[in-house]
Amino acid sequence: MRVRASALLTSLTKRLLRHKEPVPPVILFVDDDELVRSYVSRVLRQAGYRTAIAKDAADAMRVASADGPFNLLLTDLMMPQMNGDELARRLRVKQPDLPVLYLTGFSDRLFSERMTLWEGEAFLEKPCTPKGLLEAVSMISLTCSAS
């Protein structure tokens with residue numbers, strides 16, 4: 001009887017491990033505006049994403065060291081001390097394939113400094129709707145996981 005119970009338990013455990021729910025992606029979200037941080041983090045969490053929140057690039061570097069790696073960097077472009085582009089470059093030293101979604105009210109500035117986005121990068125204009133935010137996150141996540 002013990003052998004049967006043990007074999008049954010092993011079989012059930014293997015099935016559960018094979019059919020477990022997928023783990024939602026973890027997004028590192030960085031914005032120096034508290035209202036934007038609150039809004040975006042609420043939208044992402046309600047959609048089932050796990051989030052790590054940072055108030056600026058220096059805070060994001062600390063969070064990344066403690067809680068990384070991440071499935072996506074969602075960052076404001078224009079922040080004091082270090083912009084989102086530089087933050088992405090630094091985080092990609094340890095995580096080269098990290099997708100980046102720039103959330104910005106300054107897309108013209110993004111393209112005045114850079115003629116193009118790298119593979120695995122996209123931008124979303126502020127302000128954005130919850131639907132627009134979730135579509136952009138989903139699209140860049142799918143695009144980067146397919147490559």
Q | Residues satisfying the stated conditions in region 27-41, i.e. of a type outside the set (A, V, I, L, M, F, W, C) and in a helix (DSSP H, G or I) | A | GLU34, ARG37, SER38, TYR39, SER41
Q) From the list LEU91, LEU103, LEU110, LEU44, which one is at pLDDT below 95 and in a helix (DSSP H, G or I)? A) LEU110
Q: Identify all residues within region 55-69 that are surrounded by 22 or more Cβ atoms within 10 Å (Cβ to Cβ) and out of contact with any Gly (no Cβ under 8 Å at 6 or more places or on another chain); write none if there are none.
A: ALA60, ALA64
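The values are calculated or read from the model by the stated rules, or taken from the named source; none is laboratory data. Quick caveat: nothing in here was measured; it's all calculated off a predicted structure. A quick note on method: Cβ atoms are made from the backbone with ideal geometry, for glycine too, and the neighbour counts reach across all protein chains shown.
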